[in-house]
Structure formats: C-alpha cells, structure tokens
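What follows is a short report on a single structure.
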Amino acid sequence: LSNTIQRICDRFHWPGLDGDVKRFCQACPICQKTSPRAPPPSPLIPLPIIGVPLERIGMDLVGPLPKSARGHEHILVIVDYATRFPEAIPLRKATAKNIAKELFLLCT
C-alpha cells in the first residue's frame with residue numbers, strides 16, 4: 001500500500017489522498033488477489049533421524065466420539081517416530097491420568 005501511495009504522490013496530490021488510495025485498494029478485486037497477505041511460511045526443518053524405538057513419539061487425541069458398547073468415547077493415537085508404528089488406544093475419558101497410564105503401559 002505504501003508503494004502505491006508513493007507512486008501516486010510522485011505525480012498527483014489532493015487532500016485525503018492516502019485514505020482514498022487505501023479505500024480503493026481495499027475494494028479492488030485484483031489488488032486483493034495479488035497483494036501478499038502474510039509472509040511466506042518458514043521452510044521446514046528436518047527432524048533428526050530417530051533410531052531407538054520410543055525415543056520420540058507423537059500423539060493426538062480423537063474425540064469425543066459416539067460412546068461404544070464398552071463405554072469408550074476417545075481414541076489416543078500414538079506414533080513411534082523410529083518405527084512409524086501407530087497405536088490406537090480406546091479411552092472412556094480423556095483425562096491426564098488415563099493418558100499417562102496408557103503411556104506408561106506402552107513404554108513398559
């Protein structure tokens with residue numbers, strides 16, 4: 001926007017020029033499509049290779065889901081970064097205590 005205002009100011013001037021240019025640019029469909037909205041995302045940094053199982057894991061919680069016949073409403077999903085082995089564990093309640101218990105059972 002400041003570049004556009006500067007280019008117009010090089011040749012023209014009138015009271016309220018800045019506001020007029022800003023309103024015009026905000027209403028212009030082409031300006032909206034071509035003007036950058038946000039800086040481009042930073043490049044991804046590769047994670048180091050993990051060779052030992054359970055050295056690094058990723059986990060997510062799915063739910064609440066419709067209650068199963070056994071009363072489970074959530075699924076704890078754990079993926080081992082070394083082996084890429086996924087584990088899906090049904091949970092009745094998504095509490096820190098239940099999640100910690102399942103992590104302990106997985107690692108022992």
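So here's what we get for this one:
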{"read-out": "Leu76 modelled with pLDDT of 90 or more, within 23 Å of the chain's Cα centre (by Cα) and assigned to a loop (DSSP other than H, G, I, E, B)", "value": "no"}
{"read-out": "The one condition in (1) surrounded by 10 or more Cβ atoms within 10 Å (Cβ to Cβ); (2) over 30 Å from Ile99 (Cβ atoms) that Arg37 fails to fulfil", "value": "(1)"}
{"read-out": "Filtered residue count, region 57-73, keeping only those that are assigned to a loop (DSSP other than H, G, I, E, B) and in contact (Cβ under 8 Å) with a residue 12 or more places away in the chain", "value": "7"}
{"read-out": "Any hit, region 50-67, residues being charged (D, E, K, R), modelled with pLDDT under 85 and more than 21 Å from Thr108 (Cβ to Cβ)", "value": "no"}
{"read-out": "Residues that are part of a loop (DSSP other than H, G, I, E, B) and either within 20 Å of Ile5 (Cβ to Cβ) or not aliphatic (A, V, I, L, M) (or both), drawn from region 23-44", "value": "Cys28, Ser35, Pro36, Arg37, Pro39, Pro40, Pro41, Ser42, Pro43"}
{"read-out": "Residue in region 4-16 that is modelled with pLDDT of 85 or more and touching a strand residue (DSSP E or B) at 6+ places or on another chain (Cβ under 9 Å) present", "value": "no"}
{"read-out": "Residue that is touching a helix residue (DSSP H, G or I) at 6+ places or on another chain (Cβ under 8 Å) and touching a residue at least 40 places away in the same chain (Cβ under 8 Å), where the choices are Leu54, Leu17", "value": "Leu54"}
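The values are calculated or read from the model by the stated rules, or taken from the named source; none is laboratory data. All of these numbers come straight from a predicted model, not from anything done at the bench. Backbone-built Cβ (ideal geometry, glycine too); neighbour counts: all protein chains shown.
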